[in-house]
């Protein structure tokens, strides 16, 4: 049988639990010295990190690789960057040991100081070295590169030509769709289509989203065969199909040749 206390029952509760914090222990002189030593080390570490990474910290962590990803995928992720200006955000990728990043021109927008956040690495400031608004490709140089010794940033190798791609060949797109970083997506090469503005473009059976602009298209050996610039729609078996549209690697070679040599 349960017992209910009436609102006017004066009986005291059976147990009181004091709402008190434990007493604060006075630190011993030795513990005080350890505290200030630790604080000094933390401040020293903060100074070192801000000196090493003057353009920004912390690091950007990429997405997990899918099961069955190629052996080159992890190194390729480290060559990817998130490119951001005041009005746009997309993907870029390093193509030179000294740090030169290719992206879409509509992402870079002739920025004098855009954010280049390297996956697995720090944030730098970048400036446009060369840009082709017609083809929609740009080349970014990093500011503050004395820290970038050769090999610091992996560079993606460019395939000599896209001409030997065959319909049905496996391709991979590595980019920053939506709010994700360094996402590797498998797809298939559909073919080459003429475009009135860009000339010949590569058509890819691969899902592309906002943020994929400037993403490298890689072959099965991890070589760049193109760069994503848009989402397109084609008719396949009397059905409209969304596809990825990419510039061929030849356009990337052209922008590298136009860039001023240091």
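Rule-based calculations on the coordinates, nothing more; no lab input. If you're wondering where the values come from, they're calculated on a predicted model, not measured in any experiment. Glycine gets a Cβ as well: all are built from the backbone with ideal geometry, and neighbour counts include every protein chain shown.
Shown for 93, 101, 205: other C-beta atoms within 10 Å of each C-beta, ranked fewest to most, produce the order 205, 93, 101.
How do 193, 124 rank when sorted from fewest to most other Cβ atoms within 10 Å of their own Cβ?
The fewest-first ordering by Cβ neighbours comes to 193, 124.
Between residue 170 and residue 64, what is the label-point separation in nm under the 7 Å Cα-to-beta-carbon projection? Calculated label separation equals 2.1 nm. Sequence-distant contacts, meaning Cα pairs under 8 Å at least 6 residues apart, place the relative contact order of region 155-250 at 29 percent.
With a 10 Å Cβ neighbour count serving as the proxy for reagent exposure, in which order, fewest first, do 39, 227, 129 appear?
So the ranking, lowest neighbour count to highest, is 39, 129, 227.
Percentage of Cα-Cα pair distances in region 173-227 greater than 14 Å, rounded to whole percent? Summing the P(r) tail past 14 Å for region 173-227 gives 55 percent. Considering the zone a paramagnetic label at residue 160 would reach in this model (a point 7 Å from Cα along the Cα-to-Cβ line), which residues of region 231-262 have amide N under 17 Å from it? Only 249-254 pass the distance filter.
If you stretched the chain out fully between residue 41 and residue 192, how much longer would it get, using 0.36 nm times the residue separation minus the C-alpha to C-alpha distance?
Numbers: separation 151, 0.36 × 151 = 54.36 nm, distance 5.81 nm.
Extending this stretch completely gives an extra 48.6 nm.
Which whole-number percentage describes the relative contact order of region 73-155, with Cα contacts under 8 Å and a sequence gap of 6 or more? List each step's numbers first, then the result.
Working: 193 pairs, mean separation 27.0, N = 83.
Rounded, it is 33 percent for region 73-155.
Put a dot 7 Å past the Cα of residue 112, heading toward its Cβ, do the same for residue 257, and the two dots end up 3.1 nm apart.
Just so you know, the Rg over Rh for region 73-155 is 0.94, from Cα atoms, with Rh as the Kirkwood radius.
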